[in-house]
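Undergrad: Quick one: the structure is below, questions incoming.
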């Protein structure tokens, strides 16, 4: 069994129960699982591989709890640069439906590579466009090539325009086919064991692209097979209007009616939710994935993250699709979450009886999101919404998933009074090292598990073909 020793980190951030930050810290792992964490003199003296990380801050691997990796093929599409969600989707549906298995492979590799370079070690991908020969299998194979921990949905769309949905009819699938392939994928790939590199999720896309029957059937199948459930929810005012007009319910009440409020469920976005609905999430154990850059890019709104956390809702962080974010930098997303939460303080009235308090009043200090809280969203928070107790922190029994930032990088110059907070307050840069289950994926700032330049070149050819179909090339 291979052993790994990390030593001499300027500071090692554990995110354990005591939130220890260990100066001169390190860890010892065997076969991808941590056995010891602490100061250097408390660890074994040798291992099969030794990483001396003097001059680095070491943090738990980041967890991306909502993504659409195939959208890396359609970044920066001219027709979708300055529109809101529904118009943005209509500009993309047929392009995503025109991708090939080869294109999906390269999109997955490019997206995961960019995530790894930002310190991400676990990614959940919400795949849902399959009427084109592409399969979840293509993405799973790519994730195994590059070596990131991967959770992926056998997602679905079944409600086309002719039946009142948003997607074109030629982009949706038959519901019997969806359920049959969902069962196939679970049987072929889902690994429920601790430390699993691959897990499957069932994820009907959204209230405006699937039927109530498919939502119920997907939930029944997921619970029979022991896998989690995911969908988009309460992302925009347009969605809220749609569910009110079609189902007579706000989005959260509609999910409750379908049996979709439970500990095995997490929703992407949850921007337009009120205090009662946040309470419903907390009571049911529902998780939420916050996607700040996407919500800003599409003018969707600001999710009430601080209010959700205070209510006891599990909240993680997601990059979201690379066509509604145009990047795959999860450390940068944590910074955006911190800054957006601060902007929200100025946009909402103070909490409590005194509505005259300004942002300078100490009585509002609890409303500020700190760098450490944002890092917690991106680590422990993501692990919680994905239902994983084996990742998210550096402590014995957890997976050896971590990343390291060089503190002599120009971005940190002058900011080292607090190197942990500097990871977000200063411009987040490339990870120097990213390690997944004890195996380096990034070393000295470069991807080492695949030939990334060759993959990017191939990916750009696939992307150019799709851009030409849109008239944007």
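Undergrad: For residue 115, indicate whether it is assigned to a helix (DSSP H, G or I) and buried (at least 24 other Cβ atoms within 10 Å of the Cβ).
TA: Yes: the conditions hold for residue 115.
Undergrad: Are any residues in region 167-191 more than 26 Å from residue 109 (Cβ to Cβ) and surrounded by fewer than 23 Cβ atoms within 10 Å (Cβ to Cβ), and if so, which ones?
TA: 168, 169, 170, 174, 175, 176, 177, 179, 180, 183
Undergrad: Also: Got a sec? Which strands (runs of 3 or more DSSP E) wholly within region 6-63 have at least 3 residues that are buried (at least 21 other Cβ atoms within 10 Å of the Cβ)?
TA: On the way: elements: 21-30, 33-39, 49-52, 56-60.
Hits in region 6-63: 21-30, 56-60.
Undergrad: Check whether at least one residue in region 408-421 is in a helix (DSSP H, G or I) and under 19 Å from the mean Cα position of the chain (by Cα), and report yes or no. It would help to see each step written out before you state the result.
TA: Quick first cut of region 408-421, residues in a helix (DSSP H, G or I) only: 410-412, 419-421.
Applying the additional criterion that residues be under 19 Å from the mean Cα position of the chain (by Cα) yields none.
So far as region 408-421 goes, no, none of its residues is in a helix (DSSP H, G or I) and under 19 Å from the mean Cα position of the chain (by Cα).
Undergrad: Going through 346, 374, 299 one at a time, which residue ends up being in contact with a helix residue (DSSP H, G or I) (Cβ under 7 Å, 6 or more places away or on another chain) and assigned by TED's automatic domain parsing to the domain that holds residue 275? Give the steps one after another, and end with the answer.
TA: Values: 346 fails: in contact with a helix residue (DSSP H, G or I) (Cβ under 7 Å, 6 or more places away or on another chain); 299 fails: in contact with a helix residue (DSSP H, G or I) (Cβ under 7 Å, 6 or more places away or on another chain).
After applying the criteria, what remains is 374.
Undergrad: Still on this structure: State all residues of region 160-202 that are touching a strand residue (DSSP E or B) at 6+ places or on another chain (Cβ under 9 Å), under 19 Å from residue 215 (Cβ atoms) and not in a helix (DSSP H, G or I); if no residue qualifies, say none.
TA: Hits for region 160-202 are 172, 173, 200, 201, 202.
Undergrad: Sticking with this structure for a sec: Got a number for residues in region 357-397 being under 17 Å from the mean Cα position of the chain (by Cα) and either outside any helix (DSSP H, G or I) or modelled with pLDDT under 95 (or both)? I'd like the intermediate steps shown before the answer.
TA: If we filter region 357-397 for residues that are under 17 Å from the mean Cα position of the chain (by Cα), which is where we start, we get 373-393.
The next check asks that each one be either outside any helix (DSSP H, G or I) or modelled with pLDDT under 95 (or both); those that pass are 386-393.
Total meeting the criteria: 8.
Condition check ((1) in contact with a helix residue (DSSP H, G or I) (Cβ under 6 Å, 6 or more places away or on another chain); (2) more than 30 Å from residue 452 (Cα to Cα)) across all residues:
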residue	(1), (2)
102	no, no
107	yes, no
128	no, no
151	no, no
164	no, yes
190	no, no
195	no, no
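Undergrad: Of all residues in region 295-312, how many are out of contact with any strand residue (DSSP E or B) (no Cβ under 8 Å at 6 or more places or on another chain) and under 29 Å from residue 90 (Cα atoms)?
TA: 7
The values are calculated or read from the model by the stated rules, or taken from the named source; none is laboratory data. The structure displayed is predicted, hence computed values, not measured ones. So basically every Cβ, Gly included, is an ideal-geometry build from the backbone, and we count neighbours across all protein chains shown.
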